[in-house]
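The values are calculated or read from the model by the stated rules, or taken from the named source; none is laboratory data. Small disclaimer: the values here were computed from a predicted structure and weren't measured. Note that each Cβ is placed from the backbone with ideal geometry, even for glycine, and that neighbours are counted across all protein chains shown.
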Amino acid sequence: MGELIDLAASVLDLAADGEDLEVYGVHTLATTVQAGAGGTIRRVDHAETRGIGIRLFRDDRVGYASTADLRRSALEVSVGRARANARASDPDPASQPPEPQLQERRDSLPVPLSTRPLDNKIALLTELVAATEGMDSRVRAVDTAEYHDERREVAVVSTRGVRARHERGRCEVWVDALGDHPAGRAIDSGYWSGLDPGEVDPEAVASEAVVRTTRLLGTHRPRPGGLPVLLDYVVVGDLLAAVGRACTGGALGTGRSPFAGLSGTPVGSAAVSLVDDGVEVGGHHDDEGIPRRQTTLIESGVLTGVLHSAATAHAMGDGSSSTGNARRVTHKSAPRAAPAGLRLGPTSGYRQLLTDVGDAVYVQQLTGAGSGINSVTGRIDVGGIGWLLRDGEAAGRVATISLTTDLVSFLQTVTHVADDARLVQDLPVSAGTVGCLPRLLP
């Protein structure tokens, strides 16, 4: 790693008169180890990806092409394809190349220790499975345990003067625990993420999985009415991810958002202050080479911000500029506006939250969250799995919960945001426990 930005910059001289080029390069190294019941290793993968994505701008038109072949001849062909795609596209005044932005100097971001031997990673996973299966007799087995680490280098350059490069790394470990009870089974997981796999505590990850699973076991009790509602960090993560998607320039600018036309008006309770902190989790720059920043979306319940890429900022006009929220899935796709690191501002400590709400219904999982939370209409129509909180302790699983509402109504019911935020697996969200009014559940 380290030569990617020079390779990307070498493509810029292929621009013809009247054209602008943006070149995005990525180089990823990743290791994945997966185990099943008894610690049996199912697979070990080591993957390396290199690729270049090219956007060509001319006369309010844009064309895109990509390649994993980094030879000069292949890069020349890709520029030609981007040029042809631009000629075939419809003109759009918003199709303008991003302009470089200055940013304050920041220290280099740390990357995970990716030099650890593979045997150590396998041993860590084996220890994690053994700890999970041996901790509680009600947990009969592990479904899946996985270790994953990744180191990623990104470089973005353009004929407009953008020149950005950063490296970012991460490591994550998780395990599912299968629990048995005469009244039914349950499954939940423990999760850890960080920069150094040497910091993983297998006992702690296993304990989280076992505790989360066993408190869902037992005879289902009727759900008491009129009790406050506590939402687990995983549930909050799914809901906030939808809010974040609805707060992008693309969604708001086209009216495909429940928050369209509501800027400057209350969309939640005074306990809701939502920010997107791209600096904390996303690296120095976004995938257009624009400096990441912290953007306030909702402040004390009032909608105040929008997440922009260069294109959505141009399309919205009114003096908008990129907020550093352009994201690409791979080098094969053009960037689009997306949240980078959503989080709610805390209003109380976790223990204080439990004291304040007293008895409550705790919603730990959502079923059908992927299809039942619509960021375009704002509708929420999902099932929930949870338990009764009594005197600060789990007091038995409650009958299946139905969560039928919408994103604005959810935000308006929030009464407490605890200070126990953590990264939610597979989502650009850090979330903690959230307290809501009883009316959240019908």
All conditions in (1) farther than 30 Å from Leu128 by Cβ; (2) more than 26 Å from the chain's Cα centre (by Cα) are true of Gly38 except (1)
Number of positions in segment 144-154 that are surrounded by fewer than 21 Cβ atoms within 10 Å (Cβ to Cβ) and either farther than 14 Å from Tyr191 by Cα or among the aliphatic types (A, V, I, L, M) (or both)
3
Flag if Ala30 is within 31 Å of the chain's Cα centre (by Cα), part of a helix (DSSP H, G or I) and not basic (Lys, Arg)
no
Regarding segment 348-369, can at least one residue be identified that is under 16 Å from the mean Cα position of the chain (by Cα) and buried (at least 24 other Cβ atoms within 10 Å of the Cβ)?
no
Between Ala177, Ala204, which is outside any strand (DSSP E or B), closer than 19 Å to Val424 by Cβ and small (Gly, Ala, Ser)?
Ala204
Can you name every one of the helices (runs of 4 or more DSSP H) wholly within segment 223-336 that holds 3 or more residues which are within 16 Å of the chain's Cα centre (by Cα)?
233-246, 278-282
Read through the list (1) within 30 Å of Gly253 (Cβ to Cβ); (2) part of a loop (DSSP other than H, G, I, E, B), then give the number of the only condition that Gly370 fails.
(2)
Flagged pairs (Cβ under 8 angstrom, 6 or more apart or on separate chains; first in segment 115-130, under 14 Å from Ala141 (Cα atoms) and in contact (Cβ under 8 Å) with a residue 60 or more places away in the chain; second among the β-branched types (Val, Ile, Thr) and surrounded by fewer than 17 Cβ atoms within 10 Å (Cβ to Cβ)) are Thr126/Ile41
Do we find a residue being in contact (Cβ under 8 Å) with a residue 12 or more places away in the chain, assigned to a helix (DSSP H, G or I) and crowded, with 18+ Cβ neighbours inside 10 Å anywhere in segment 59-76?
yes
Just to be sure I understand the filter: pairs with C-beta atoms under 7 Å, separated by 6 or more residues or on different chains, first member in segment 256-273 and of a type in the set (D, E, K, R), second member part of a loop (DSSP other than H, G, I, E, B). Which pairs pass?
Arg256/Val376
Subset of segment 80-102, residues in contact with a strand residue (DSSP E or B) (Cβ under 6 Å, 6 or more places away or on another chain) and of a type outside the set (Ser, Thr, Tyr), comes to Arg81, Ala82, Arg83, Asn85, Ala86, Pro91, Pro97, Gln101
Within segment 82-101, which residues are part of a helix (DSSP H, G or I) and surrounded by 17 or more Cβ atoms within 10 Å (Cβ to Cβ)?
Ala82, Arg83, Asn85, Ala86
Regarding segment 231-241, can at least one residue be identified that is at pLDDT 95 or above, under 23 Å from Ala311 (Cβ atoms) and assigned by TED's automatic domain parsing to the domain that holds Ser309?
yes
If you take the residues of segment 173-220 that are among the acidic types (Asp, Glu) and either at pLDDT 95 or above or over 24 Å from the mean Cα position of the chain (by Cα) (or both), which of them is surrounded by the most Cβ atoms within 10 Å (Cβ to Cβ)?
Asp188
Might you let me know whether segment 349-365 holds any residue that is modelled with pLDDT of 95 or more and farther than 20 Å from Pro438 by Cα?
yes
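Among the candidates Ala340, Ala394, which residue alone is surrounded by 16 or more Cβ atoms within 10 Å (Cβ to Cβ), part of a loop (DSSP other than H, G, I, E, B) and either of a type in the set (A, V, I, L, M) or not assigned by TED's automatic domain parsing to the domain that holds Thr296 (or both)?
Ala340
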